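Here the structure is laid out as structure tokens; the discussion comes afterwards.
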Amino acid sequence: MKTLASFALLLAVLSPVASAGVQPLERTDAGHAAVRVQLDGHAPQRFIVDTGASTTAVYGPARRSLALSPEPGAQAQLVGVGGAQAIERYRLPALTVAGVRVDGVLATGLPDGVAHGDGLAGILGRDVFGDRVVEFDFAAGRFGLHAPGTVPATRTGWTVLPIRLLPDAGFVLLDVQVDGRPVTAVLDTGARHSYVNWHAARQAGLAPGAAGLARGASSGGATAHRIEFDTAAFRKVEAGAVAFEAPRLRVADLPVFEPMGLADGPGLILGLDLLGDRRIVVDYPGRRLLVEARVAAPAAGNPAGPGAP
């Protein structure tokens, strides 16, 4: 018999729901998922929502338009997809997002020249939403912050996957399989592309220089360091009963795999190229990830779908 500890649990279609704040979830021109955040005394500002960011961050133009000053003695090291850099930190005015008000956020100042699209003020991190049940409905364009213990209503059912939170950083870790081999994944809604490291690629049968790899490069992450990578076709990424068929993943030993705890074993950064048409809920207090079941496409010759006469 399958045990709940090993396999995802499909919840009933009618699930309990508490009152929650829900607002539009936008996709930027560059492909990021963003929300509008109200900062006291200012017009609403657009922030990328990033489960891969332990702290909230602000771009240079936003720091200047908001007249923010560096917090004395609060310098820190910023580690992004491309590398690390020493930065200043800034105290934000009280902010409100999805009906939740948060005071005293100490935001990382992203380096001048780093930008992830026009009209963005920064990146919203776990310090704002990490004590909540966080809903991302990428298909419908909705973002919600729910009280602990909430299960948002669903019409098709939830697949529930256990997650772990990396101490201090709070990265969301889950067990997946890439081409049938075990890999630890980080759920990263701030990443437009999914990456596997070479540990994961090799155990799936790939090696550097193999036929079928496509070489590429980009300026990536919060630090805008240059990233070189290969792109390869894989058969499947699976997380319990959730499957991503025939994905094309970027392959690189990114510096960010180290603070994620994945430098010495098979790792995957699970980004929006795989998640971007799904509805998911990250239950931080409950240490679980809910993935809404997808409606199966009607079979050929049966437009009404399964069970139709």
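Enter the accessible area of residue 106 (Å², nearest 10), with the probe set to 1.4 Å and all protein chains included.
Residue 106 exposes around 30 Å² with every protein chain in place.
Is region 160-302 best put as rounded, prolate or oblate by its Cα gyration tensor, with a ≥ b ≥ c the root eigenvalues, rounded for a/c under 1.5, and otherwise prolate when a/b is larger than b/c, oblate when not? Walk me through the numbers on the way to the answer.
Values: a/c = 1.68, a/b = 1.15, b/c = 1.47.
Oblate.
For region 228-269, with all protein chains present and a 1.4 Å probe, just round the carbon and sulfur fraction of the accessible area to a whole percent.
Values: 830 of 1800 Å².
In region 228-269, the share of accessible area belonging to carbon and sulfur is 46 percent.
Carbon and sulfur: what percent of region 51-206's accessible surface (1.4 Å probe)?
Values: 2840 of 6020 Å².
Using a 1.4 Å probe with all protein chains present, region 51-206 comes out at 47 percent carbon and sulfur.
Largest first, how would 198, 158 line up by accessible area (1.4 Å probe)?
Details: 198 25, 158 0 Å².
Ranked from most to least accessible, the order is 198, 158.
With every protein chain present, what is the per residue accessible area of region 139-255 (1.4 Å probe, Å²)? Numbers along the way, then the final one.
On the way: 5030 Å² over 117 residues.
So region 139-255 comes to 43 Å² accessible per residue, rounded to a whole number.
The values are calculated or read from the model by the stated rules, or taken from the named source; none is laboratory data. In this text the structure is predicted, and so the values were computed from the model without any measurement. Please note that ligands, DNA and RNA were not included when accessible areas were found on the heavy atoms of the full protein model with its side chains. Shrake-Rupley method; radii C 1.70, N 1.55, O 1.52, S 1.80 Å.
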